[in-house]
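Visitor: Please read through the structure below; I'll follow up with questions.
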There are 2 protein chains.
Amino acid sequence: MENDIAIGVDLGGTNIRAAVVGGEGKILRKLKASSAGDPIRALAGMVAELRGQYPGVRGVGLGTAGLVDRRGLRVIHSPNIPALTGRSFRSLNLGLPLVVENDANAAALGERWMGAGREFQDFVLFTLGTGIGGGIVQGGRLLGVAAEVGHMVIERDGERCSCGNNGCLEQYAAARAIVQWLVREVEGGRESLLLETMGGRLHGATARDVAGAAREGDPLAREALRRAGRALGVGIANMVNLLAPEAVILTGGLVGAWDIYVEEAVREASRRSMPGLFEGLRILPSALGADDAGVLGAAALVLENA
Amino acid sequence: MENDIAIGVDLGGTNIRAAVVGGEGKILRKLKASSAGDPIRALAGMVAELRGQYPGVRGVGLGTAGLVDRRGLRVIHSPNIPALTGRSFRSLNLGLPLVVENDANAAALGERWMGAGREFQDFVLFTLGTGIGGGIVQGGRLLGVAAEVGHMVIERDGERCSCGNNGCLEQYAAARAIVQWLVREVEGGRESLLLETMGGRLHGATARDVAGAAREGDPLAREALRRAGRALGVGIANMVNLLAPEAVILTGGLVGAWDIYVEEAVREASRRSMPGLFEGLRILPSALGADDAGVLGAAALVLENA
């Protein structure tokens, strides 16, 4: 089994991560680079470097932002990293078998393999950052489905979403939506510590910034997170009523505001889930950092198929 | 394989159906009785009668209304047939292996085995009647999950649902909701053919009655179905964005209004589904009648596990 190693790549956020992963889930070597510019070219370079160091790798697993054409090794649509829309990975000519999956799906598989999902056969992962992604594990295996939990409508006549739909969960519960709400409130005359922290440029705030301000007691940031948490609770209840999972695993920058954002979500989900489905449910944070969940899951796609 | 027969029971609607089903999906004998009174006692009698005629049956598969505890052979919660809430089937002492599933899940398995789902590995079934149920087939197999598609929130501050939640799909797209809307409009002074057809008792109208009035050109019934169809389209888009199925299969009394209700739903779902996910999707009616889908699927639960 010495040969049982694969490269996992996570092309989901502002950084590209690539790692060589052993069959036991050990990360042997890890690289990180910015995804600005041409992310596909950057990842090809990283893969070549890792392969030079570990010539025995079985293949490359890639978790990418956007909606994925698994057979065509292609990104159909990527609202968050538009440069990826329509791009194919086939032309990379890596000289290795390549498996492509959505980045949140890969993170779910990583959590299942080595993280908070190890003890569950059935769970839903929510990635809570600028936008909201998801992954579904059923019967111990990743469902190879869209799992776009952030693009589930929770308010049918609600705000227009970048995906073309109206009233998506992401429009109410993700960091981008939270910051937009904060900006409107501050423009309307309310005060927030965050305005100082951000040197007046509130638009640039991330999930981590808002969570930090809330932890420091900023009332407006706390209100924003409570509102967003209630929306997240609607999304969690929908997944509970659909899939009755054993667990909901939460990851991403907003999880740093667990005691406000997540606890509000848990309350709302409890009220809205069908009687009998919420009682045994565990809602817990991911066990792997954002650095590791994606690359581990992406590598697992190769090692599972080996 | 002569012995490969099972009893399938469908305890989902106003009638109980029980059938002896052969391993090739042939219905050998079928019984039907009202579910008014004590439905569990009635089904025990039907099973005993069928078993007397076919002593070689392997077991009994039961599709029941409500949220099901599969291991406990119990109904956790049944808003539509309240008499079933909390009831256990274990005490029936049928003397045969018993498998319990939700009725819409059983219908989905029936469609997968012998109906419109035969050609699909991945589909979602919506049962569109007084309420809305669902079943999910993934990788050719029924997912043993709640699949309560009717209790997915599409309007978070919307109307209170019998399940305790607010703004469930069922509150906008099912026959009960359609009739309530019609009643309000007629009370507000609008006219409907349906009022005559129903002898003034609009409250008693079923999905079939509304669909019939719409086909006869009743403008108010048509408007009601278009409104409901738009809501159904939101629910379909949510399932498309979550599960990217190959097909959505629709069954139940409202399917009789295909050219109004369903076509409106298709338009809305098309607008709301993520780019790339709707193009290949088939939306089609069930191929099995309500009489057969449930009993076939329930029997399949036993024959699959044999």
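The values are calculated or read from the model by the stated rules, or taken from the named source; none is laboratory data. Quantities reported herein were computed from a predicted structural model and do not represent experimental measurements. Neighbour counts are summed over all protein chains in view; Cβ atoms, including those assigned to glycine, are modelled from backbone coordinates with ideal geometry. We work out accessible area using only protein heavy atoms, side chains counted, and drop any ligands, DNA or RNA first. Shrake-Rupley method; radii C 1.70, N 1.55, O 1.52, S 1.80 Å.
Visitor: Kindly indicate which of B:A244, B:A173, B:A231, B:A237 is within 14 Å of another protein chain (Cβ to nearest Cβ), within 30 Å of A:F278 (Cα to Cα) and more than 19 Å from the chain's Cα centre (by Cα).
Guide: B:A244
Visitor: Now for a different question. Going through A:A174, A:A205 one at a time, which residue ends up being at pLDDT below 90 and under 26 Å from A:E148 (Cβ atoms)?
Guide: Exactly one residue qualifies, and that residue is A:A205.
Visitor: Still on this structure, please answer the following. Only one residue in A:E196, A:E191 is among the charged types (D, E, K, R), over 26 Å from B:V240 (Cβ atoms) and not in a loop (DSSP other than H, G, I, E, B), so which one is that?
Guide: A:E196
Visitor: While we're looking at this one, here's another question. Name the pairs whose Cβ atoms lie under 7 Å apart, with the first residue in region A:155-169 and over 16 Å from A:G235 (Cα atoms) and at the interface with another protein chain (Cβ under 8 Å from one of its Cβ atoms), the second open to solvent by 10 Å² or more (accessible area, probe 1.4 Å) and in a loop (DSSP other than H, G, I, E, B), and 6 or more positions between them or separate chains?
Guide: Listed pairs, sorted by first residue: A:C163/A:P79; A:G164/B:P275.
Visitor: Considering only residues that are under 19 Å from B:L301 (Cα atoms) and either among the β-branched types (V, I, T) or open to solvent by 20 Å² or more (accessible area, probe 1.4 Å) (or both), which ones fall in region B:11-27?
Guide: Once the filter is applied, which keeps residues that are under 19 Å from B:L301 (Cα atoms) and either among the β-branched types (V, I, T) or open to solvent by 20 Å² or more (accessible area, probe 1.4 Å) (or both), region B:11-27 yields B:G12, B:I16, B:R17, B:V20, B:V21, B:G23, B:E24, B:K26, B:I27.
Visitor: When region A:252-287 is examined, which residues are found to be open to solvent by less than 30 Å² (accessible area, probe 1.4 Å), closer than 18 Å to A:T127 by Cα and either part of a helix (DSSP H, G or I) or modelled with pLDDT under 95 (or both)?
Guide: If the condition is that a residue be open to solvent by less than 30 Å² (accessible area, probe 1.4 Å), closer than 18 Å to A:T127 by Cα and either part of a helix (DSSP H, G or I) or modelled with pLDDT under 95 (or both), then A:G253, A:L254, A:V255, A:A257, A:I260, A:Y261, A:V262, A:E264, A:A265, A:A269 are the ones that fit.
Visitor: A further question follows. Here are some residues: B:L182, B:L143, B:L125. Which one is under 26 Å from B:L73 (Cβ atoms), more than 11 Å from chain A (Cβ to nearest Cβ) and either within 18 Å of the chain's Cα centre (by Cα) or open to solvent by less than 10 Å² (accessible area, probe 1.4 Å) (or both)?
Guide: The conditions single out B:L125.
Visitor: Anything in region B:39-72 that is under 22 Å from B:G110 (Cβ atoms), of a type in the set (D, E, K, R) and within 14 Å of chain A (Cβ to nearest Cβ)? List them, or say none.
Guide: Hits for region B:39-72 are B:D69, B:R70.
Visitor: Give me the pairs, please: first residue somewhere in region A:45-60 and closer than 15 Å to A:R90 by Cα, second residue anywhere and open to solvent by less than 60 Å² (accessible area, probe 1.4 Å) and at pLDDT below 95, beta-carbon distance under 7 Å, and either six or more positions apart or on two chains.
Guide: Listed pairs, sorted by first residue: A:V47/A:L94; A:G59/A:L96; A:V60/A:L94; A:V60/A:L96.
Visitor: Another question, then. Within region B:221-246, how many residues turn out to be buried (at least 24 other Cβ atoms within 10 Å of the Cβ) and in a loop (DSSP other than H, G, I, E, B)?
Guide: So the answer is 1.
Visitor: Output the number of residues of region A:21-45 satisfying the condition of being in contact with a Gly (Cβ under 8 Å, 6 or more places away or on another chain) and farther than 22 Å from A:T85 by Cβ.
Guide: 2
Visitor: Sticking with this one: May I ask you to list the residues in region A:105-121 that are open to solvent by less than 40 Å² (accessible area, probe 1.4 Å) and farther than 12 Å from A:S286 by Cα?
Guide: Of everything in region A:105-121, those that are open to solvent by less than 40 Å² (accessible area, probe 1.4 Å) and farther than 12 Å from A:S286 by Cα turn out to be A:N105, A:A106, A:F120.
Visitor: Evaluate region A:56-67: report whether one residue or more is surrounded by fewer than 16 Cβ atoms within 10 Å (Cβ to Cβ) and either over 20 Å from B:L243 (Cα atoms) or hydrophobic (A, V, I, L, M, F, W, C) (or both).
Guide: For region A:56-67, residues surrounded by fewer than 16 Cβ atoms within 10 Å (Cβ to Cβ) and either over 20 Å from B:L243 (Cα atoms) or hydrophobic (A, V, I, L, M, F, W, C) (or both): present.
Visitor: Scan region A:28-46 and tell me whether some residue there is closer than 17 Å to A:E304 by Cβ and either surrounded by fewer than 20 Cβ atoms within 10 Å (Cβ to Cβ) or modelled with pLDDT under 95 (or both).
Guide: Checking region A:28-46: not a single residue is closer than 17 Å to A:E304 by Cβ and either surrounded by fewer than 20 Cβ atoms within 10 Å (Cβ to Cβ) or modelled with pLDDT under 95 (or both).
Visitor: Given (1) within 18 Å of the chain's Cα centre (by Cα); (2) β-branched (V, I, T); (3) assigned to a helix (DSSP H, G or I), where does B:I249 come up short, assuming only one miss?
Guide: (3)
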